[in-house]
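Report on the following structure.
Each value in this text was obtained by applying a stated rule to the coordinates, not by laboratory testing. The shown structure was predicted, so the numbers you read here are calculated from the model rather than taken from an experiment. Backbone-built Cβ (ideal geometry, glycine too); neighbour counts: all protein chains shown.
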Amino acid sequence: MVSYVVTGANRGIGLEFVRQLSVGSDNSVFAIVRDKSRAAKLEGLGRKNVYILEADVTDRAAIQTAVKQVSEVTGGTLDVLINNAAFIGDGREMYGLSSYPPEVEDKIGEDLLKAFNVNVVGTVTVTNLFLPLLRVGKLKKVIMISTAAADAEFTRKVEHEGVVPYSVSKAALNMVVEKYAQEKRNREEGFTFLALAPGAVDTREMEGVTDPEQIEEMKKMFDGIVSSLQKAVPTFEGLATPERAVTLMLEVIEKAEPGSSRSFLSQYGNKEWL
Ligand SMILES: NC(=O)c1ccc[n+]([C@@H]2O[C@H](COP(=O)([O-])OP(=O)(O)OC[C@H]3O[C@@H](n4cnc5c(N)ncnc54)[C@H](OP(=O)(O)O)[C@@H]3O)[C@@H](O)[C@H]2O)c1
């Protein structure tokens with residue numbers, strides 16, 4: 001039996017991690033969501049080995065409760081932690097650092113701090129609170145879901161000026177992985193810390209977005225990203241399904257030997273991002 005915790009598990013890539021990991025009925029999969037009332041798709045999996053827990057990654061007390069709940073089921077251990085939850089943006093992702101329009105110019109600092117708070121501080125808090133369980137787990141693997149947008153060379157190649165707070169915070173997250181990996185105790189105990197990018201994945205869900213103008217804007221933004229990727233990387237065949245991206249990432253996670261930390265790899269286990 002292998003135990004997994006997945007954050008941001010109610011939709012997108014997180015939901016798909018839970019779906020694939022819980023196929024093995026021996027596995028225990030703890031799906032952490034912000035709001036259980038929006039976990040219908042998880043519940044719809046109808047799997048007895050999926051435990052739905054509620055915690056915002058910025059809420060330390062809620063994560064402590066989740067750790068306790070996991071511990072009660074597993075007897076105090078955890079094998080694999082997948083830090084998937086992320087703040088992507090509040091609708092200003094298309095702007096560059098110095099091109100926020102005047103009416104929202106003051107939002108850049110706020111956006112940077114929010115991205116850092118969820119994607120870096122939140123991930124570190126979740127990881128630190130689960131570490132005692134991971135230390136007695138069999139596999140000691142901690143995965144941070146990163147992004148090609150955090151890679152400087154890739155950013156140059158695709159000439160991508162936007163999604164700034166997200167990209168900057170994920171670049172910081174890659175260094176977080178390296179710092180955990182270099183902690184003497186973690187090295188000695190055979191921990192594997194991995195920052196892993198999923199590729200470009202179609203997780204567009206317009207759920208809850210009712211404003212036709214906003215829907216149009218979001219579609220335009222995605223289409224723009226896809227066509228700029230296609231221009232820069234002619235072999236790029238379009239957005240992958242969450243199923244394909246998660247299958248590839250799980251191969252990388254499974255193959256990772258004890259103590260083989262890396263910051264950071266693509267879904268192919270290398271630096272090929274698309
Ligand atoms: N899709 C892609 O092409 C792509 C590319 C590169 C990297 N990634 C990475 O892959 C991961 C999943 O992406 P996705 O496309 O599946 O994203 P998504 O569909 O936007 O889902 C994000 C998830 O994170 C959760 N979340 C956000 N803020 C949270 C918080 N403060 N506390 C707890 N949960 C929180 C969301 O919960 P709510 O539903 O409650 O908001 C949701 O479950 C992310 O780390 C992302 O950076 C995705």
- line: Quick note on V158, V23, V126, ordering by fewest other C-beta atoms within 10 Å, gives V23, V158, V126
query: Using a simple spin-label model with points 7 Å from Cα along the Cα→Cβ vector, what separation in nm is obtained for L97 and R156?
result: 1.5 nm
Efficiency of FRET from Cβ geometry, E43 and K255, R₀ 30 Å, rounded to 0.05: 0.40
message: Can you compute the helix-only [θ] at 222 nm over the chain? Use -39500 (n - 2.57) per DSSP H run of at least 4 residues, normalise by all residues, nearest 500 deg cm²/dmol.
response: -13500 deg cm²/dmol
task: Evaluate Rg over Rh across segment 24-176, taking Cα atoms for both radii and Kirkwood's formula for Rh.
output: 1.03
- line: Row for the chain, column shape: gyration tensor on C-alpha, a ≥ b ≥ c, rounded if a/c < 1.5 i.e. under 1.5, prolate if a/b over b/c, else oblate; value prolate
Neighbour-count ranking [beta-carbon atoms within 10 angstrom, fewest first] of K114, K140: K114, K140
message: Quick check on the exposure proxy: order T77, T210, T147 from fewest to most C-beta atoms within 10 angstrom.
response: T210, T77, T147
message: If I model a spin label as a point 7 Å beyond the Cα along the Cα-Cβ vector, how far apart are those points for T241 and K36 in nm?
response: 3.1 nm
query: Could you name the lysines in cross-link range of K140, using Cα to Cα under 26 Å and dropping any fewer than eight places away on the same chain?
result: K48, K68, K170, K179, K184, K255, K271
field: Charge dipole magnitude, Cβ of K and R +1, D and E -1 - the chain, Cα centre, debye nearest 20
entry: 1080 debye
message: Quick check: pseudo-label points 7 Å beyond the Cα along Cα→Cβ at E183 and D223, how many nm apart are they?
response: 4.7 nm
- line: When the charge dipole of the chain is computed with +1 on Lys and Arg Cβ and -1 on Asp and Glu Cβ about the Cα centre, the Cα farthest towards its positive end, among V104, L45, L21, belongs to L21
- line: Relative contact order in percent for segment 109-255 (Cα pairs under 8 Å, 6+ apart) equals 27 percent
